[in-house]
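Asker: Below you'll find the structure I mean.
Derivation of every value follows stated rules applied to the coordinates shown; laboratory data play no part. This one's a predicted model, so the numbers in the text were calculated from it and none came from an experiment. Please note: Cβ atoms are built from the backbone with ideal geometry, for glycine as well, and neighbour counts cover all protein chains shown.
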Amino acid sequence: MFQLAWLVPIFPLLAFALVVLWANPNKKLSHSLVIGGVAISWVLSWWIAIASFLKGSALAEEPYHLMVNWIPIGENNVIKMGVAVDPVTAVMLFMVSFVLLMIFIYSVGYMNYGTPEVDPRYSRFFAYISLFGAGMLGLVVADNLIMLFIFWEIMGLCSYLLIGFWFEKKYPDPKRITPKQAGLKAFLTTRIGDVIMYSGMMLLFARTRSLTFSDIFTEHNLKMLASTTVTLPILGTVPWATVIAMLIFGGAVGKSAQFPLHVWLPDAMEGPTPVSALIHAATMVSAGVYLIIRMYPLFHSAQVFAGAGQQLWLVASIGAFTALFAASIAVAQDDIKRVLAYSTISQLGYMFAALGIGAYVAAVFHLIIHAFFKSLLFLGSGSVIHGMEHGHHHALHAHGEHGHEEFFDANDMMNMGGLKDKMPITFWTFLMGTLALAGVFPWAGFFSKDEILGDAFAHGHWWVYGTLALAAFLTAFYMGREIFLTFFGDPRTEAAQHAPESPKSMTWPLIGLAFFATLGGFAGFPGHSWIGGFIGANAERIGLEIEHLPVNIALLALSLTIALLGLFVAWLIYGRKPLRAGQVDPLTAMGPVYTVLKNKYYVDEFYQIVIIRPTVWLSKFLYGFDDRWFIDPIVDGVGAFGRWLADGLRRFFDEPIVDGAVNGTAWLSVRFGGVLRVIQTGEVQNYLLVIGLTILMLLGFYLYL
Amino acid sequence: MISMYWYLLVAAALFSIGFYGAMARKNAIAILMGIELMLNAVNLNLITFWRYVKPSNPAGQIFAVFVLTVAAAEAAVGLAIVIAIYRTRDTVNVEDLNLLKG
């Protein structure tokens, strides 16, 4: 069964090719091909995953591995391509394929298939998400860094294409970012991370002569990387392992939107909601975490072999900081998707913090569980937005107005309210997702988040614990705020009043994901953690010791209390007396604090001034240098000189001398001919006369000489 | 018998007259007549030399018959050409036939 692992990314890739090259005009065929492709991958993935689960920890010892030679380098080295299935891959496949399938089915309804409002580029959307799915699945089964990077970049491309999918959309407010700009922003920001990561990869290759994971992570190589050092200007003498690990972490910072490269993710909400769910909840941003999980032996090596742990400290710090940073911003956002976007950034911070403190199993567990409930929340918000847009249309037509007179933001929570009666399935599944994210027992998030917190507490990382606990409180609070603003109270606008429940193609995936969001946590029940055993075996294989911590009931109770407290405070402010239309958010009472949070700590503005403006200035300057003042004039000057020289040669040499000689010869021939022409009179008798005279002359010579 | 030279003299005279006619006459037919005269002069020469040098050799007579035949044929062809020229050019004046003038 594992032999078919390499096929898993092929089917969505094939579907992409078929839709782009052939099925594009036919919407039904396009979405059927794409959903079919991902469904086949889902079946394969679950088969492989369940086979892996049954194999249990034995898989960790002997992961499945298949390699082919690809590019030969030099004399006796070759870059290999291959797939590997180990416990981490198995759970990732389980999650990714299922979430992809749910989101793809959801997209049929979201892009309004079968209605007059169907998106005109419907087929292209499906082609893109299919390529995206292929990218993520390929990344998960990759057994070497190059293949991982290729699929990483495919996902980067798709994020650009999909975020900017509605590239013609414009807003009346010039400050608001358009989808076209957001797509570029996402691509360029992750690119920065990618360049850093690539340099790390190249350094790794230079030291270890291979990029296949099983080759890099031999004990010999790890020891070598951890002990050989390099002297850098600011950091001093550091082991190679640290340098490479930090660089590769740079790539993860970009892709997983950690501070300072987090700026692209909230603006990426301009893309269609299935895209947000795909990219920013379940798959692409998790790729960064997955990368660190895969490269964990490298990160761990310095600690093990050299007693130095800077890279892990860096990972944990950035993770914990981002978790709190993003959670605080989410509190003040009005756009339903942006709250979730910052929530994603925050939760990814949790995962990085977990990795930083050595909680390998907890990070993997939280990654999987987060994917389920976050994509559920995103799809739920998409369902809400979809309903709001329909309600808005309905309201406009009811009033007999033509077209859209003023811009209506269907994402703005201040326009919502009372949707729990209008959209019941959406409400209940969203509630499941909220409880999972907030970390309320027995929803899945409780178990996964608590494992991280428990690990931090048990190992004495107080700062990390404190930051993450505070972030957990804020998480519960902003999710409570979101639910109360969106679903409770009375509808604040006409659009909310007329919002219908979404079609089945959208609500069934919500139910499917809600199932895992609710019950998934039991895979990691403290004390009897199946996932602890399964992934733990993998951790042991790579040299990380897993301690089975005693179950700390007090800590669990504390986490639950924090979550419930957050929800309670949200209820106090937003639930007890739900906001009415036109009423301003009570949090504005916090004054300047609220303004800073709402403006995302002005990070975007800072980047604009410090980085973007100088870069644009430099570009303009170089353009002037190259095309206007310097380089081009020189080139043109050389050309002009050539022309001047040619002209002179023509006038003083070619025409008088060369042409003169040729023409002169011809003139001479003509004159000569003219002279001789006189003989040709055309009269036969003249010729006869000449003959006669000649004979006489000859006779004369013959007879007398 | 009279001396051979009288016959040769007559032949030479005829030849000269014929040559002058061929060169100096404007009418194409008159030039042909001059050419005929030249040919006949040559014939006379041939017969003279045959009769006075070696009468037993029939070669002289045969040669003369050849020349006569050729003269006749050539006169016929020449006249045909003159007629063709007349038909196209409407003239037999050789001064007007100078298309080959360079």
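Asker: Within region A:84-101, what residues put their amide N at less than 17 Å from the label point 7 Å along the Cα-to-Cβ vector of A:SER214?
Answerer: Within reach of a label on A:SER214, which here means backbone N under 17 Å from a point 7 Å along Cα→Cβ, region A:84-101 contributes A:84-90.
Asker: Can you put A:LYS180, A:LYS255 in order, fewest other beta carbons within 10 Å first?
Answerer: Numbers: A:LYS180 17, A:LYS255 28.
With the fewest neighbours first, A:LYS180, A:LYS255 line up as A:LYS180, A:LYS255.
Asker: Cα-Cα over 31 Å: which of A:LYS28/A:LYS598; A:LYS420/A:LYS598; A:LYS185/A:LYS223? Provide the component values of the computation, followed by the final result.
Answerer: Numbers: A:LYS28/A:LYS598 42 Å; A:LYS420/A:LYS598 26 Å; A:LYS185/A:LYS223 39 Å.
Check vs 31 Å cut-off fails for A:LYS28/A:LYS598; A:LYS185/A:LYS223.
Asker: Which of the lysines could a cross-linker bridge to A:LYS27, judged by Cα under 25 Å and excluding same-chain residues fewer than eight apart?
Answerer: Reachable lysines: A:LYS169, A:LYS180, A:LYS504.
Asker: Here's a follow-up. Within 10 Å of each Cβ in peptide B:26-36, how many partner chain Cβ atoms are there on average? Round it to a whole number, please.
Answerer: Per residue, the number of nearby Cβ atoms from other chains is 1 on average.
Asker: How crowded by other chains is A:679-692, given as the mean number of beta carbons from other chains within 10 Å of each beta carbon?
Answerer: Numbers: counts 1, 4, 5, 9, 8, 9, 8, 4, 2, 8, 4, 0, 1, 4.
Rounded to a whole number, the mean comes out at 5.
Asker: Could you work out how far apart the two model spin labels at A:GLN497 and A:LEU698 are, taking each label as a point 7 Å from the Cα in the direction of the beta carbon, and quote it in nm?
Answerer: About 13.1 nm, to one decimal.
Asker: Give the peptides A:8-20, A:599-611 in descending order of average Cβ contacts within 10 Å, highest first.
Answerer: In descending order of packing, they fall as A:8-20, A:599-611.
Asker: Students often forget the sequence filter, so: which lysines lie under 16 Å Cα-Cα from A:LYS374 once same-chain residues fewer than 8 apart are removed?
Answerer: Result set, ordered by chain and number: A:LYS337, A:LYS449.
Asker: Once the Cα atoms of the protein assembly as shown are picked out, what are the Rg and Dmax in Å?
Answerer: Expressed in Å, the Cα Rg and Dmax of the protein assembly as shown come to 51.3, 177.
Asker: With N denoting the number of residues in region A:1-112, provide Rg(C-alpha) divided by 2.2 N^0.38 Å, to two decimal places. List each step's numbers first, then the result.
Answerer: Values: Rg = 17.1 Å, N = 112, 2.2 N^0.38 = 13.2 Å.
Normalised Cα radius of gyration, region A:1-112: 1.29.
Asker: Pop out the Kirkwood hydrodynamic radius of region B:4-96 from its pairwise C-alpha distances, inverse of mean 1/r, in Å to one decimal.
Answerer: On the way: mean 1/r = 0.0693 Å⁻¹.
Final number for the Kirkwood radius of region B:4-96 is 14.4 Å.
Asker: Among A:353-360, A:665-672, A:589-596, A:34-41, what's the highest-first ranking by average C-beta atoms within 10 angstrom per residue? Intermediate results must be reported in sequence, preceding the final value.
Answerer: Values: A:353-360: 27.9, A:665-672: 10.0, A:589-596: 12.1, A:34-41: 22.5.
Answer by packing, highest mean first, reads A:353-360, A:34-41, A:589-596, A:665-672.
Asker: So how many Å³ per residue does the convex hull of the Cα atoms of region A:109-181 work out to? Numbers along the way, then the final one.
Answerer: Values: hull volume 7.7 nm³, N = 73.
Expressed per residue, the convex hull around the Cα atoms of region A:109-181 is 105 Å³.
Asker: Can you give the helix-only mean residue ellipticity at 222 nm for the protein assembly as shown, where every DSSP H stretch with n ≥ 4 adds -39500 (n - 2.57) and the sum goes over all residues, rounded to the nearest 500 deg cm²/dmol? Write down the numbers at each step before the final one.
Answerer: Values: 34 runs with 540 residues, N = 807.
After summing the helix terms and dividing by the residues of the protein assembly as shown, the value is -22000 deg cm²/dmol.
Asker: Ranked from highest to lowest mean number of other Cβ atoms within 10 Å per residue, what is the order of the peptides B:44-54, A:481-491, A:461-471, A:335-345? Each step should come with its number before you reach the end.
Answerer: Numbers: B:44-54: 15.8, A:481-491: 22.2, A:461-471: 19.9, A:335-345: 25.5.
Sorting B:44-54, A:481-491, A:461-471, A:335-345 by mean packing, highest first, produces A:335-345, A:481-491, A:461-471, B:44-54.
Asker: With θ taken as phi - 60° and the coefficients 6.51, -1.76 and 1.60, list the Karplus ³J(HN,Hα) couplings across region A:271-284 in order, rounded to whole Hz; mark glycine and proline as x.
Answerer: x, x, 4, x, 5, 4, 5, 4, 6, 9, 10, 9, 10, 4
Asker: Okay, next question. With an 8 Å Cα cut-off and a minimum separation of 6 or more residues, compute the relative contact order for chain A in percent.
Answerer: Reported relative contact order: 12 percent.
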